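Worksheet for the structure shown next.
The values are calculated or read from the model by the stated rules, or taken from the named source; none is laboratory data. Here the structure is a predicted model, which means the values were calculated and not measured. Here Cβ is always computed from backbone atoms with ideal geometry, including for glycine, and neighbour counts include all displayed protein chains. Note: accessible area is taken over every heavy atom of the protein model, side chains too, but ligands, DNA and RNA are not part of it. Shrake-Rupley method; radii C 1.70, N 1.55, O 1.52, S 1.80 Å.
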Amino acid sequence: MKYDLLDTPTGTMIAVIDEVGLRHLNYQQGPKALTIDAEWEHDPEALAPYLTQLREYFSGERKAFSFPLSVTGTEFQQKVWRALCAIPYGKIVSYRDIARLIGRPSAVRAVGAANGRNPLHVVIPCHRVVATSGALTGYAGGLSAKQKLLLLEQKRR
């Protein structure tokens, strides 16, 4: 596994790739910060194509990513994450909306748990999911980061 760091308007993120593609993209601060594993190799050159697209996203030049992903999770998590990827740029939906979309309308809490285990923040846009009331709820980079991402997308929608 290879990694590099990315400074963003929402905080420092760590990007990790394996032989397939992007495996982790997470904040280095906040309630679920990802720490660097001693076995990972710092390789800015290998991560350059990924970080270029991420910088374009944060500058408002990109709305979708085209690099390969290497996401692992349970079948349910994978289903939730695919549903998150279907949320259009700049749109906000609720956990209940996602539960309905995947055909499990009573699994709102399970959807929230899968959302919270998303290994690719921003790329799998879990920040676009809010409570049914419209309130911002948990985000790995903190609620301030979630709010900034939502504002960034709504301004450039």
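Express in % the proportion of alpha carbon pairs of the chain at distances exceeding 25 Å.
Of the Cα pairs, 26 percent sit more than 25 Å apart.
By how many nm would the segment from residue 137 to residue 36 lengthen if fully extended, with 0.36 nm per residue of separation less the alpha-carbon distance?
33.8 nm
Which of these, 86, 38, 107, has the largest mean-square fluctuation under a Gaussian network model of the chain (Cα springs below 10 Å)?
In this elastic network of the chain, the residue with the biggest mean-square fluctuation among 86, 38, 107 is 38.
For Cα pairs less than 8 Å apart in space and 6+ apart in sequence, what is the mean separation divided by the residue count of the chain, i.e. the relative contact order in percent?
Result for the chain is 26 percent.
Using a probe of 1.4 angstrom, how much of the accessible area of the chain is carbon and sulfur, in percent?
50
Can you give the net charge of the other residues whose Cβ lies under 13 Å from the Cβ of residue 96, counting K and R as +1 and D and E as -1?
+2
Which net charge results when you count Lys and Arg as +1 and Asp and Glu as -1 among the other residues whose beta-carbon is under 13 Å from that of residue 146?
Around residue 146, the surrounding residues sum to +2.
Can you give the accessible area per residue of the chain, in Å², using a 1.4 Å probe?
I get 51 Å² per residue for the chain.
Go ahead and run the numbers for FRET between residue 72 and residue 45, Cβ-Cβ distance against an R0 of 22 Å, rounding to 0.05.
0.35
Using only helices, what value at 222 nm comes out for the chain when you add -39,500 (n - 2.57) per DSSP H run of length 4 or more and divide by the total residues, to the nearest 500 deg cm²/dmol?
My calculation for the chain gives -10500 deg cm²/dmol from helical runs alone.
I want to check a number: in the chain, how many lysine pairs have alpha carbons closer than 19 Å, given a sequence separation of 8 or more or different chains?
Within the chain, the lysine pair count is 10.
Quick check: Cα centre of the stretch 102-157 to Cα centre of the stretch 33-68, how many Å?
20
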